[in-house]
Amino acid sequence: METYLVGGAVRDELLGLPVGERDWVVVGATQPDMERAGYRPVGRDFPVFLHPHTNDEYALARTERKTAPGYRGFVVNASPEVTLEEDLLRRDLTVNAMARAPDGRLVDPCGGLRDLEARVLRHVSPAFVEDPVRILRTARLAARFHELGFSVAPETMQLMREMVAAGEADALVPERVWQETRRALASARPDVFLEVLRECGALAAVFPEIDALFGVPQPPRWHPEVDTGLHMLLCMRAAARLGLDVETRFAVLLHDLGKGTTPREFWPAHHGHEERSVTLARRLCERLRVPTSYRELAEIAARYHGLCHRAAELRPATLLKLLEGTDGLRRPERFEKFLLACEADLKGRTGLENAPYPQAGLLRRARAAAAAVDPQPLVAAGLKGEELRERLRALRIEAIAAACPRDAPGAPQA
């Protein structure tokens, strides 16, 4: 029974990066052996165990044989006779197919160290095509390591194209698509994740709503980059530069989906795209079983980002409607995420990457002023029902008008 550190932990250690999760492979053991040693079985499709003290994952060395489409269509052999090298040969990329022995020796049968030094993401073997999740994982790693100079090997990109053409990407299940997407959105370059998927054709299969944005023009006056797909990529770069959390980055990703459905005869204008974006964002979230909080923020950003950009032009009553529509008075933390998503939208335009976004400051003042209005004196005076609501609204509009005078020096422009 021999234990080896494998996969991402070895890769990141060699890159000098912080090591997060540590995965281990056990050679020469059976499931009863592991359970007698106190390991807790958790694997559904193959033998994986949690260490009794560290909770690290320990998997029995295994080989796999493809028997059906999709990432679950495998027969697994995890007998004690499977060697470490056989286990590493079934992995996706060479940089993930290295192991560290207990004595510190590097086991590298696939040339992972060489590709690590060359900054190349290359498949281990033709068996790469057997698991469609590897398309998403390769794109995610390209996004994570792009700033270090990594790129996908041409021959690996070709294999990914062949997988898409064969319909393998259609077999991806929602949970795995969302899991890999969420992790990619958290990377330093989430736009690269989308670019790699588009280059191999998988974007159209997995995210057709996003793929439809490419080639759709926008008014150059507001969008010097013109192409809506390029704008979306620039927005994702801006979201990463701003340090936005994953939930907000996801909202940025979906905010303009409606532009992909604008009839050609109306190009480059996109009147009414906001509501179409809401509908498409909701469908995408339902399809991928995205968490409710992500969906709600994405819908708010899609519906109201245009109003946010025009904040300086809005009357106090309209500003209050915006606050009410986003539920900003009751949910200030989500409202702040909405403002940051809108800022990323502005900065996702050629030449405006470092532009100020005073609209956010105006809306923060408006929200603070409206939230400071105390309804208790009105209740004490006997107001209730519609009369109470109307009076409270009137006081909030007055407070917003005082906090955000439209003719104030330096008032933000849309």
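The values are calculated or read from the model by the stated rules, or taken from the named source; none is laboratory data. From a predicted model like this one, the values you see are computed outputs, not experimental measurements. Positions of Cβ are backbone-derived with ideal geometry, glycine not excepted, and every protein chain shown enters the neighbour counts.
Out of everything in the stretch 264-275 that is without any contact (Cβ under 8 Å) to a residue 40 or more places away in the chain and within 28 Å of the chain's Cα centre (by Cα), what residue ends up being surrounded by the fewest Cβ atoms within 10 Å (Cβ to Cβ)?
Of everything passing the filter in the stretch 264-275, 271 is surrounded by the fewest Cβ atoms within 10 Å (Cβ to Cβ).
Looking at the stretch 302-405, the helices (runs of 4 or more DSSP H) lying wholly inside it that each contain 1 or more residues that are in contact with a helix residue (DSSP H, G or I) (Cβ under 8 Å, 6 or more places away or on another chain), over 22 Å from residue 241 (Cβ atoms) and free of Cβ contacts under 8 Å to residues at least 12 places away in the same chain sit at 316-325, 376-380. Taking each residue of the stretch 164-192 that is farther than 11 Å from residue 202 by Cα and free of Cβ contacts under 8 Å to residues at least 60 places away in the same chain and looking for partners that are hydroxyl-bearing (Ser, Thr, Tyr) and surrounded by 18 or more Cβ atoms within 10 Å (Cβ to Cβ) with beta-carbon atoms closer than 7 Å, six or more apart or interchain, yields nothing.
For the stretch 19-42, the set of residues classified as more than 22 Å from residue 98 (Cα to Cα) and either not assigned by TED's automatic domain parsing to the domain that holds residue 90 or not hydrophobic (A, V, I, L, M, F, W, C) (or both) consists of 30, 31, 32, 33, 35, 36, 38, 39, 40, 41, listed by residue number. Every listed requirement among (1) surrounded by 14 or more Cβ atoms within 10 Å (Cβ to Cβ); (2) under 23 Å from residue 225 (Cα atoms); (3) not hydrophobic (A, V, I, L, M, F, W, C) is met by residue 282 save one, (2).
Surrounded by 18 or more Cβ atoms within 10 Å (Cβ to Cβ) and within 24 Å of residue 16 (Cα to Cα): is that true of residue 223 in this structure?
On the way: surrounded by 18 or more Cβ atoms within 10 Å (Cβ to Cβ): yes; within 24 Å of residue 16 (Cα to Cα): no.
Judged against the criteria, residue 223 is not a match.
For the stretch 286-301, name all the residues that are assigned to a helix (DSSP H, G or I) and either touching a Phe, Trp or Tyr at 6+ places or on another chain (Cβ under 7 Å) or touching a residue at least 40 places away in the same chain (Cβ under 8 Å) (or both). Scanning the stretch 286-301 gives 287, 288, 293, 294, 297, 298, 300, 301. Checking the structure you have, find out if any residue of the stretch 2-11 is without any contact (Cβ under 8 Å) to a residue 60 or more places away in the chain and loosely packed, with under 15 Cβ neighbours inside 10 Å. Scanning the stretch 2-11 turns up no residue that is without any contact (Cβ under 8 Å) to a residue 60 or more places away in the chain and loosely packed, with under 15 Cβ neighbours inside 10 Å. Number of residues in the stretch 181-211 that are farther than 13 Å from residue 142 by Cβ and within 18 Å of the chain's Cα centre (by Cα): the value is 13.
Of all residues being of a type outside the set (Ser, Thr, Tyr) and in contact with a Lys or Arg (Cβ under 7 Å, 6 or more places away or on another chain) in the stretch 238-248, which is surrounded by the fewest Cβ atoms within 10 Å (Cβ to Cβ)? Just the residue, please.
As a first pass, look at the stretch 238-248 and keep what is of a type outside the set (Ser, Thr, Tyr): 238-247.
Within this subset, residues satisfying the condition of being in contact with a Lys or Arg (Cβ under 7 Å, 6 or more places away or on another chain) are 238-240, 246-247.
On the way: 238: 23, 239: 28, 240: 21, 246: 17, 247: 20.
Restricting to residues being of a type outside the set (Ser, Thr, Tyr) and in contact with a Lys or Arg (Cβ under 7 Å, 6 or more places away or on another chain), the top hit is 246.
If the condition is being in contact with a Ser or Thr (Cβ under 9 Å, 6 or more places away or on another chain) and surrounded by fewer than 22 Cβ atoms within 10 Å (Cβ to Cβ), then the stretch 78-89 contributes 78, 79, 80, 82, 86, 89. Is one or more of the residues making up the stretch 187-197 touching a Leu at 6+ places or on another chain (Cβ under 6 Å) and within 29 Å of residue 131 (Cα to Cα)? Checking the stretch 187-197: at least one residue is touching a Leu at 6+ places or on another chain (Cβ under 6 Å) and within 29 Å of residue 131 (Cα to Cα).
Consider residue 42 against the criteria (1) surrounded by 18 or more Cβ atoms within 10 Å (Cβ to Cβ); (2) out of contact with any Pro (no Cβ under 6 Å at 6 or more places or on another chain): it satisfies all of them except one. Which criterion is unmet? The number of the failed condition is (1).
Answer with yes or no whether residue 258 is of a type in the set (Gly, Ala, Ser) and either surrounded by fewer than 20 Cβ atoms within 10 Å (Cβ to Cβ) or at pLDDT below 95 (or both). The answer is no for residue 258. Contact annotation: residue pairs with Cβ atoms under 6 Å, 6 or more positions apart or on different chains, pairing a residue in the stretch 33-49 that is without any contact (Cβ under 8 Å) to a residue 60 or more places away in the chain and under 20 Å from residue 76 (Cα atoms) with a partner that is part of a loop (DSSP other than H, G, I, E, B) and basic (Lys, Arg), are 46/62.
Buried (at least 19 other Cβ atoms within 10 Å of the Cβ), touching a strand residue (DSSP E or B) at 6+ places or on another chain (Cβ under 9 Å) and in the same structural domain as residue 24 (by TED's automatic domain parsing): does that describe residue 99? Please lay out each step first, then the result.
On the way: buried (at least 19 other Cβ atoms within 10 Å of the Cβ): yes; touching a strand residue (DSSP E or B) at 6+ places or on another chain (Cβ under 9 Å): yes; in the same structural domain as residue 24 (by TED's automatic domain parsing): yes.
So residue 99 passes the test.
Count of the stretch 200-252 residues, restricted to those that are of a type in the set (Val, Ile, Thr) and not in a helix (DSSP H, G or I), is 2.
Residues of the stretch 216-236 include at least one that is acidic (Asp, Glu) and not assigned by TED's automatic domain parsing to the domain that holds residue 157.
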